[in-house]
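The values are calculated or read from the model by the stated rules, or taken from the named source; none is laboratory data. Since we're looking at a predicted model, the values are computed, not measured. Quick reminder, even Gly has a Cβ in these numbers, built from the backbone with ideal geometry, and neighbours come from all protein chains shown.
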């Protein structure tokens, strides 16, 4: 039986078993200390789960020469492919190393097959190869099945050209990812610098005073006394406020309209785009805006475009912005600044303290933030002119990161397109 899918008609095909040597690895007994902590690299599928490169040069665990007798050493350049748990992780051995039995590894016939070409072929065919897996407890693709998979074989020179083209896109992706990380670091730095006086403060109700912590403006924490009527700022927080005497603290309920979501009958939801986008919680959240998965023609609670969306039921505290008029279910709350308050300033305040909002939640079965929790939340506010100046700086940094994220999506689309076309003889 031959396994193939959308192979090019322009190039001859060969079965993987005809142009590679396919072998599995092994695991020495973990009960024998003589097999472990040696100098032989030994790879497991788990280590490739978050590996983003192509060549791998190190492993978390090493085995000894005695342990190697119960495994298999593969040369530098071998293509390492996970055959179970899960099927489809792939890398190239940068130096010789062993693997456990969760791999089926390929040693290419270099006269006809470039290992980089095979690497990208396996990346392209991941879902197809997963579909060939067998097994009840967990799926595994066998060596015999892999050996029957067809691979297109253009001349070696063309294989190398394809690999170089894809490598360039991957390099651009890595550069863009590095820029995204730096842009995020810049944004976070500005966020904490500009909103140094905008840490969360909360006047608790009696049911909360025994268990909540105050997360101060400087990031410090202090337990509230049992009879506290308000969170007391630490000396670090007072120092942070000292340089910003024109800031004042107001309750969120006094400066913003708070709309707690409500879920209409599920029978009114649809995925056909009929009605308003309908959001229920964090599952639909994106980097800034949520992605609509459902719609509702008669939502009972409405968020307007630009409203701050907060997840108020487990998980709690995550923040997004409404991109358009939308219905919101009971897992969300919408926050809308009143006149004289910059909406974007409030948004950045909530983003800065996103990891702190869970401390406002209550509940034994699942955590939730209630309306009165939000009403009593104290927000340090500068004058409106200062709010707008802060927003301008933070928006510029956030917009730069957003542009880089858009570029990331375009590069991914380009890579997938070139990858598919390359193995169909179109690129």
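Overview of results
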item: Test result for residue 95, surrounded by fewer than 18 Cβ atoms within 10 Å (Cβ to Cβ), at pLDDT 95 or above and under 15 Å from residue 147 (Cα atoms); result: no
item: Residue within the stretch 105-120 that is more than 30 Å from the chain's Cα centre (by Cα), more than 30 Å from residue 64 (Cα to Cα) and surrounded by fewer than 16 Cβ atoms within 10 Å (Cβ to Cβ) present; result: yes
item: Among the residues listed as 60, 47, the single one being surrounded by fewer than 16 Cβ atoms within 10 Å (Cβ to Cβ) and either on the phi < 0 side of the Ramachandran plot or touching a strand residue (DSSP E or B) at 6+ places or on another chain (Cβ under 6 Å) (or both); result: 60
item: Any chance residue 52 is outside any helix (DSSP H, G or I), out of contact with any helix residue (DSSP H, G or I) (no Cβ under 6 Å at 6 or more places or on another chain) and modelled with pLDDT under 95; result: yes
item: Qualifying residue in the stretch 13-22 (condition: touching a strand residue (DSSP E or B) at 6+ places or on another chain (Cβ under 7 Å), farther than 22 Å from residue 108 by Cβ and outside any helix (DSSP H, G or I)); result: no
item: Criterion: at pLDDT below 95, in contact with a helix residue (DSSP H, G or I) (Cβ under 7 Å, 6 or more places away or on another chain) and either outside the structural domain of residue 402 (by TED's automatic domain parsing) or crowded, with 19+ Cβ neighbours inside 10 Å (or both) - qualifying residue of 306, 243, 317, 281; result: 317
item: Residue in the stretch 1-9 that is at pLDDT 95 or above, in contact with a strand residue (DSSP E or B) (Cβ under 6 Å, 6 or more places away or on another chain) and outside any loop (DSSP other than H, G, I, E, B) present; result: no
item: Helices (runs of 4 or more DSSP H) (entirely within the stretch 121-205) containing at least 2 residues that are modelled with pLDDT under 95 and within 27 Å of the chain's Cα centre (by Cα); result: 156-194
item: Any hit, the stretch 54-68, residues being without any contact (Cβ under 8 Å) to a residue 24 or more places away in the chain and not assigned by TED's automatic domain parsing to the domain that holds residue 162; result: yes
item: Residue in the stretch 57-67 that is in a helix (DSSP H, G or I), touching a helix residue (DSSP H, G or I) at 6+ places or on another chain (Cβ under 8 Å) and under 30 Å from residue 412 (Cβ atoms) present; result: no
item: Sole residue being surrounded by 19 or more Cβ atoms within 10 Å (Cβ to Cβ) and either more than 18 Å from residue 310 (Cβ to Cβ) or not assigned by TED's automatic domain parsing to the domain that holds residue 256 (or both), chosen from 344, 356, 422; result: 422
